[in-house]
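A quick write-up on the structure given underneath.
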Amino acid sequence: MHHPLRRPTLVGLSLACAGVLALTTASTAVAAPSPATDPIIASLTAVPTVEGPVAQDADSHLWSSMEHARVPFDVADRGYVEEEYFLSGTANVYDNAGGRLQVSTADVPYVNNILVRRPAQKVDSSGVVLVDILNASNGFPGEDHWRRMWDWAMEQGHTVIGVTSKPIQVDALKNFDAERYADLTWNVTDVEREPIIADPQKHSTFNPFLVVPGAEEGLAWDILTQVGTLLDAKEGRAVLGGQKAKTVLLMGQSQSGVYLNTYASNFHTAVTRANRGPVFDGYLNTVGAVLERPLQQSPQGGFVTVPGSEPALDVPFITVTAEGDPGLFGAATLAAKDLPENRRHWQVPATPHTDLLSPVIPADEEIYQSGRLPNTAVHNPAFRESLNPYPIEPTVIAAAESLVNWSKRNKDAAPSKWFEQENGALARDETGNVTGGVRYGLLEHPLGQYRGAAAPGAVYGSVDLMSADEFARTYGTREAYLALVTQVDAVQLRAGYLTDYGAAHFQSVANQLMDRIGVPAAG
């Protein structure tokens, strides 16, 4: 709804019969009578009630505040504010049996929270709003895109909004601050339940994919839509500090990337039709593969997935895939294929699924307070040294910029780049590194073998670096090596797979790795 220019225009839509909208793609069809009589249309156009910003003081602060991060800082020092709002409304529980969107349970009342970081002054706002489906894979609201792009987003003047996306996260918030988050609810039935508290002495016994009794994960779809409708309504100006949302992207990482796929396939076209234009101008899936999930939660719990359909949309969609992802989702699901015109896959060799060392992850004591478990291994210097620091962040940032340019300026993103595969596995060269995909100077001139997964199924990677003698024989000096990296990355800058910010990040990582190898300092 923010930009009238789209290419291609709405595809695959036809009136199959009077009053019924049918999609000829794998997307879900939806009945389309008037908002006054149809619960689907009513929910897809509703604007939630906003409460906030919710006060903070010495006794109560928002979850994931940067003042309580692993490396604390005050966003005000960057000209930003950090606020929390509670959104309330009603949401449907849906089914898509037979390929048609249907309401299983209508008008379930909910109260949910969003985290907002935005420029303090309107004049500093870019007008870009990045809405992140917060990842529940650790059982708390994980700001996975914020941890990858926080510095760049603030440099650009973008607003970043995190949306709690699952009942297990609401449980964590109530553990964290029972009074502050007392009103949050995704309940469909009233049941007495005990808080879900992980045992710090028994890490392996905590299941972050538990179903919360009485709650329903399937409220997520209308909650996400209503965040989008809010940002396009006058009520959204309060959340944005009076700023106007000119371009709104919806993002998801890992499990939340699966949510993103599900939302785009099943709801985007219906939401666009109901609102006479899209509420999200593009989609960014980071390390979420092409899988989707059922629209309702599984009674048995667990992370249930179904094959993704990747239908054609009227807005752009970029999927960024790490080398570590095939071990989690299967290499076959990430094999090269033909895509609709508005979709891209950028697959990035050498990269792990997640970054364990981000400074903006909540501090350990915050995570314990939420009844969840932090990764304490990162405090072990030997473990930190073993991790693969090859970054996927530059690609994620380039994808976000490409989506904004695609939406605002009708400038297509760079083409898809796929891993090379052999016999259902990723192909590797003589150095042991994966071939194909989006390649940067740090990989074209490798400092060793970068593994996307330290072990089968691991979300973090490892690296075997060359010796100082081998470096001297291969590259000579630090200055000579950085020049080689710059030369390759300049090509990727022009192609659109890299930004100036990302290129500088690669230079920093290259210097860190050379320090670990023992390469003499420049000059």
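The values are calculated or read from the model by the stated rules, or taken from the named source; none is laboratory data. Since the structure is predicted, the reported quantities are computational estimates derived from the model, not experimental observations. Cβ atoms come from the backbone with ideal geometry, glycine included; neighbour counts cover every protein chain shown. Quick note on the areas: whole protein, heavy atoms, side chains included, nothing else; ligands and nucleic acids left out. Shrake-Rupley method; radii C 1.70, N 1.55, O 1.52, S 1.80 Å.
Here are some notes:
- Contact order normalised by residue count of region 295-437, Cα under 8 Å, 6+ apart, percent: 28 percent
- Highest average packing first - 391-402, 108-119, Cβ atoms within 10 Å: 391-402, 108-119
- Carbon plus sulfur fraction of accessible area for the chain, probe 1.4 Å, in percent: 51 percent
- Convex hull projection area averaged over all views, region 270-377, Cα basis, nm²: 10.0 nm²
- For region 132-186, the relative contact order works out to 38 percent when only alpha carbon pairs closer than 8 Å and six or more residues apart are counted.
- Evaluated over region 56-187, the Cα radius of gyration and Dmax, each in Å: 16.5, 53
- Cα long-axis angle, helix 500-517 against the chain (0 to 90 degrees, to the nearest 10): 50 degrees
- Average accessible surface area per residue within region 99-236, 1.4 Å rolling probe, Å²: 36 Å²
- In terms of packing, defined here as the mean over residues of other Cβ atoms within 10 angstrom, the peptides 472-480, 262-270, 85-93, 493-501 line up highest first as 262-270, 85-93, 493-501, 472-480.
- Here is the size of region 416-470 from its Cα atoms: Rg then Dmax, 12.1, 37 Å.
- Subset of LYS122/LYS174; LYS174/LYS244; LYS244/LYS411; LYS166/LYS244 violating a 25 Å alpha-carbon distance limit: LYS122/LYS174; LYS174/LYS244; LYS166/LYS244
- Annotation for region 109-179 versus region 196-221: alpha-carbon center distance of 20 Å.
- Taking packing as the residue-averaged number of other Cβ atoms within 10 angstrom, the listed peptides 288-299, 144-155 run from highest to lowest as 144-155, 288-299.
- The DSSP beta bridges internal to the chain are antiparallel in roughly 60% of cases.
- Accessible area expressed per residue, region 263-318, with surrounding protein chains retained (probe 1.4 Å, Å²): 27 Å²
- Percent breakdown of C-alpha pair distances by 5 Å bin, ordered from the shortest bin, for region 370-483: 2, 8, 13, 18, 16, 15, 13, 8, 4, 1, 0
- Region 195-262: GluC sites (Glu not before Pro) in DSSP coil with no more than 15 other Cβ atoms inside 10 Å: GLU235
- Between 0 and 90 degrees, the angle of helix 220-231 with respect to the longest Cα principal axis of the chain falls at about 90 degrees.
- The chain, relative contact order in percent, only Cα pairs under 8 angstrom and at least six apart counted: 15 percent
- Kirkwood-type hydrodynamic radius, the chain: 23.7 Å, calculated from all non-identical alpha-carbon pairs.
- Every helix of 4 or more DSSP H residues in the chain counts as -39500 (n - 2.57), and over all residues that averages to -8000 deg cm²/dmol at 222 nm.
- Centre separation in Å (Cα based) which lies between region 402-459 and region 275-317: 22 Å
- Computed over protein heavy atoms with a 1.4 Å probe, the accessible surface of region 371-523 works out to 44 Å² per residue.
- Distance histogram for region 472-523 (every C-alpha pair counted, 5 angstrom bins, percent rounded to whole numbers): 4, 20, 29, 21, 14, 9, 2
- Rounded tilt (10° steps) of 144-156 against the dominant C-alpha axis of the chain: 80 degrees
- Region 127-275 - convex hull of the alpha-carbon atoms, volume per residue in Å³: 141 Å³
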